[in-house]
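The values are calculated or read from the model by the stated rules, or taken from the named source; none is laboratory data. Because the structure is predicted, anything quoted here is derived from the model rather than measured. When we count neighbours, we look across all protein chains shown, and the Cβ atoms used for this are built from the backbone with ideal geometry, even at glycine.
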Amino acid sequence: MTVADETRVATHSPRSADTEVTLDVRGLRMRYGQVDVLDGVDLTARRGEVVALLGPNGVGKTTTIEILEGFRMRSAGEVSVLGVDPAHGDEDWRSRLGIVLQSWRDHGKWKVGELLAHMGGYYQPHSTPLRPRPRDVTELLARVGLSEHAEKRVNSLSGGQRRRLDVAIGIVGRPELLFLDEPTAGFDPEARREFHDVVHNLADFEDTTILLSTHDLDEAEKLADRILILAGGRIVAEGSPDELARRVSRESEVHWSIDGERYVHATSDVTGFVRGLFAEYGDDVADLDIRRATLEDTYMTLVQRHESGEADDIDTTSFEEE
Ligand code: ADP
């Protein structure tokens, strides 16, 4: 793995409409007890696409991913993963998936290279001419930057090295679809950037579809072709990082005060709003300030509205600042 000189952003072009759909989810629901955690999630991903499921902790990202992996039974909805309902996925289907679990805790006494060869052995019966399985261990170690650690025991690796091993285990079977649940939690900035390179390479050169969950907007922006924002049990916004940014940049915040009391209003028509403000309050308007919303602002706004049970109408907000 090489460290890029500068921070990379998602570069490959969006997949065209006729590219094979690898993930197709309609009306996914998940109820725990009396609580509907997922309340009608729709999502798709095409071959080679990197899709980020973005949302705050506890919103249902892991639940969604584990349903798609076939590890949890959904309450309702239609789910197709590589053309198969995960509730009925067989060994052959499973061999086409890659799953990066939270850090690998077992097999501490195994040597890194031996563990990868062992895990790879499970994929051998599922090898095809197009996707030779498993991946060559030497090549894999180089790819994740662990070549010089092949002979080390797993329990002697640093945290960052262990995460790379997690990724290596996730891709040893040359998956068509890779699931990454909060992949860089606990990474330092360098490990993060290296990890981002690995993800870009998998999508760009091997056409691997990648679904990653994260609560980190920056990560979603750097890695994903498309971001899905999960809030209140549904996907509340969706688009490429650019599209979401454009959607947001149409919104601006107007800040002002009257008699020492501060106000803020989000609008896509700043001129019209300010004109109305002066028409109504004239010289009483003070401290006028106009701020363009960032992607993060919008994300926070959407999430907070859904958490408080309000609608996600970001055009007509008006509220008093403390
Ligand atoms: P995220 O990955 O976005 O942090 P999760 O999918 O882990 O969210 O959890 C979503 C919600 O569902 C949380 O409130 C969590 O407590 C709850 N939850 C997750 N798994 C279970 C379970 N097996 N039984 C009951 N509640 C659960």
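What the table shows:
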item: Any hit, the range 263-278, residues being assigned to a loop (DSSP other than H, G, I, E, B) and either touching a residue at least 12 places away in the same chain (Cβ under 8 Å) or within 27 Å of Pro241 (Cβ to Cβ) (or both); result: yes
item: Residues satisfying the stated conditions in the range 174-227, i.e. modelled with pLDDT of 90 or more, more than 10 Å from the chain's Cα centre (by Cα) and either assigned to a helix (DSSP H, G or I) or crowded, with 23+ Cβ neighbours inside 10 Å (or both); result: Arg174, Pro175, Leu178, Thr209
item: Any chance His215 is away from the ligand (no atom under 16 Å from the Cβ) and either more than 23 Å from Leu68 (Cα to Cα) or assigned by TED's automatic domain parsing to the domain that holds Leu101 (or both); result: no
item: Helices (runs of 4 or more DSSP H) wholly inside the range 66-149 containing at least 1 residues that are modelled with pLDDT of 95 or more and among the aliphatic types (A, V, I, L, M); result: 112-121, 137-143
item: Enumeration of residues in the range 22-74 that are more than 13 Å from the ligand (Cβ to nearest atom) and in contact with a helix residue (DSSP H, G or I) (Cβ under 9 Å, 6 or more places away or on another chain); result: Leu23, Val25, Leu43, Gly48, Glu49, Val50, Gly70
item: Contacts under 6 angstrom Cβ, first residue in the range 70-84 being over 11 Å from Val41 (Cα atoms) and in contact (Cβ under 8 Å) with a residue 12 or more places away in the chain, partner of a type in the set (Gly, Ala, Ser) and not in a strand (DSSP E or B), 6 or more apart; result: Gly70/Gly89
item: Residue in the range 94-103 that is within 16 Å of the ligand (Cβ to nearest atom), buried (at least 16 other Cβ atoms within 10 Å of the Cβ) and in contact (Cβ under 8 Å) with a residue 60 or more places away in the chain present; result: yes
item: In the range 233-283, the residues that are of a type in the set (D, E, K, R) and closer than 30 Å to Lys222 by Cβ; result: Arg234, Glu238, Asp242, Glu243, Arg246, Arg247, Arg250, Glu251, Glu253
item: Residue pairs meeting the criteria (Cβ under 9 Å; at least 6 apart or on separate chains; first touching a residue at least 60 places away in the same chain (Cβ under 8 Å), in the range 124-144; second assigned to a loop (DSSP other than H, G, I, E, B) and not small (Gly, Ala, Ser)); result: Ala142/Met1; Arg143/Met1; Arg143/Arg135; Val144/Met1
